[in-house]
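Data first, discussion second: the structure below is written as structure tokens.
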Amino acid sequence: MRDLVRETTLSAHDFIVPLFIVEGSKIKSEISSMPDYYRFSLDLAIAEAKRLYDLGVKGVLLFVKVDDSLKDNTGAAALNTDGLMQRSICAIKKAVPELVVATDVALDPFSSYGHDGIVKDNKILNDATVAILTKMALSHAECGADMVAPSDMMDGRVLAIRQAFEKAGYVDTAIMSYSAKYASGFYGPFRDALDSAPGFGDKKTYQMDVANRKEARIEAARDIEEGADIVMVKPGMAYLDIVRDLANEVQVPIAVYQVSGEYAMLKAAAEKGWLDHDTVMLEQLMAFKRAGASIIVSYHAEHAISLL
Ligand code: PBG
């Protein structure tokens, strides 16, 4: 009877899986603050993408870890047509053409300051950053990315990217905008994974105040007007009210990002025997769907799918 009347379902098709890619070959290194989650060299990332696709996963979200020697204030390495991100997009699209390849668009992994934008006098320059992000997004589209995901929170970047795509003929390349991305403490393990923690200050001049709810609706509405195809809420669990607000208000699909700190918290509690890992994991993932998300970006995806 419970099965007959269930209101929400969870399936492999709901997930986008983040992949952390590093230079080298045959590298699979565990992220210390994210047990059972790995950085892969491209050869192994390709194999991983194939495996995920065979499990029913429809999308991956690519992040690259960049050597310190390549970092500067303008994120120049992000535009390298032969950069790790560009090579990864090409190779994964070639190996698994039907898998949706989405890419992170922000400067932080490439920034000597660990910030998402260009820094001047301890401030982040919005418009100069948008210009670089647009080129970065375009270079991903040129390599065959199906979707770019600007995670930087600069104002106006969705419009700039959309216009650049239209002009260059990438009319089918989607934009999944991190619209309501909060200045959260939950990103810690991710910054370990990519060695991308801000070198000074915090991200509060561009990421949202955790106290704000109405602002998320404004951010999402703006991004949709600017041309976003999917809007994202991030982090997940602590922001289900925002997911529901947007689901009630906007007509585009909503993605939610269950971030690294959420993953780490559950792993840690389970390791101590304080929580039952799988029960709590599935409960959280179901809650995202119940709150109104169509897409869940999650490090738990593969394990969850094995249980479904
Ligand atoms: C960077 C970016 C971050 C995450 C995704 N893209 C970190 C940040 O904004 O500092 C966090 C993801 C996670 O914690 O799992 N633009």
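A short reminder: the numbers here are calculations on the coordinates, not readings from a lab. The shown structure was predicted, so the numbers you read here are calculated from the model rather than taken from an experiment. A quick note on method: Cβ atoms are made from the backbone with ideal geometry, for glycine too, and the neighbour counts reach across all protein chains shown.
Among the lysines in the range 129-220, how many pairs, 8 or more places apart or on different chains, have alpha carbons under 20 Å apart? If you can, show how the numbers build up before the last one.
On the way: 135/167; 181/203; 181/204; 181/214; 203/214; 204/214.
Lysine pairs meeting the criterion: 6.
Cross-link partners among aspartates and glutamates for residue 272, C-alpha distance below 18 Å, same-chain residues fewer than 8 apart left out?
36, 262
For residue 19, what residues show an amide H to amide H distance below 5 Å, using hydrogens built from the backbone and excluding near sequence neighbours?
Sorted by chain and number, the residues that satisfy this are 61, 62, 63.
So which chymotrypsin sites (Phe, Trp or Tyr not before Pro) in the range 243-308 end up in coil per DSSP with only 16 or fewer other C-beta atoms within 10 Å? Write down the numbers at each step before the final one.
Working: sites: 257, 263, 274, 288, 299; in loops: 274, 299.
Here the sparse-neighbourhood loop sites are 274.
Residue-wise, which Karplus ³J(HN,Hα) couplings in Hz belong to the range 244-250, taking 6.51 cos²θ - 1.76 cosθ + 1.60, θ = phi - 60°, and x for glycine or proline?
5, 4, 5, 4, 6, 9, 9
Near residue 93, which aspartates and glutamates are there with a Cα under 14 Å away, not counting those fewer than 8 places off in the same chain?
List returned: 43, 48, 142, 146.
Treating the range 165-308 as a set of equal point scatterers at the Cα positions, no solvent, please give the Debye-formula log₁₀ I(q)/I(0) at q = 0.16 Å⁻¹.
-0.92
What translational diffusion coefficient, to the nearest whole µm²/s, does the chain have by Stokes-Einstein, given a Kirkwood radius computed over alpha-carbon pairs, a temperature of 20 °C and 1.002 mPa s viscosity? It would help to have the intermediate numbers written out before the result.
Details: Rh = 19.4 Å.
Answer, rounded: 110 µm²/s.
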